[in-house]
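Where a number appears in this text, it was derived from the coordinates with a stated rule and is not lab data. Not measured: the values here are computed from a predicted model. Counting neighbours? That spans all protein chains shown, and the Cβs are built from the backbone with ideal geometry, glycine included.
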Amino acid sequence: MIAETQARLERLQAKQDHKMALSDKRLLPLTNTLSAAKGQIIKAQKGLGIGPQSFGARIEKHQLWIDQIEAERAIAEGNLEIYQNESDILMLALSVAGSVVSTGGDPTSIVEDTLEEIENAGESDDRNTAHYNYEQARSLRLGNTEESEASA
C-alpha cells in the first residue's frame, strides 16, 4: 500500500514538473521541439491508419485507376491490330478491284466480300473480353469513388 502511494506521488510530481517546464521560458526551445515532434507523429499516424487518407486507401484508389488504364491499353492494342489488318485487307482489295475495273469487269463482288470479311474480322472474343474488362475496371473505380464520397 505504501509502495502504491509512493508511485502515485511520484507520478503526480512528474506531472507537476512537466507543467512547470511548459511555462518556463528558458525551456521554450525544448517545448517547441516537442510540439513539432508530436505534430509529425500525428501526421505519420494519419497515413498509417485506416481512414480515407491512409496510405492503403490511397494506393487502392490509384490501383483502380491503373486497372482501368491497363484495360484501355488492351483495347487500344487490340484495335490497332484489327485496324492494321483491316487496312491490309482493304489495300489488297483495292488493288484487285482496280485490276478488275481496268479490264472492264465489275468489282461489286470484291467490294461486298471485302466488307463482309472486315466485319467478321472486327468481332473477336479478345476484343469483347477487352471491352468487358474495361467496363469492369471502370465500374469498380467509379463504385469505389462513390463509396468514398458517401463515407466522407
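General remarks:
- Cα-based convex hull, the range 1-48, per residue volume (Å³, whole number): 88 Å³
- For the range 4-152, alpha-carbon Rg over 2.2 N^0.38 Å: 2.36
- Ranked by the mean number of other Cβ atoms within 10 Å of their residues, highest first, the peptides 113-120, 130-137 fall in the order 130-137, 113-120.
- Cα centre as origin, Lys/Arg/Asp/Glu Cβ charges: the chain dipole, Debye: 2880 debye
- Summing +1 for each Lys or Arg and -1 for each Asp or Glu among the other residues whose beta-carbon sits under 13 angstrom from that of His62 gives 0.
- The range 1-33 versus the range 36-108: alpha-carbon centroid distance in Å: 62 Å
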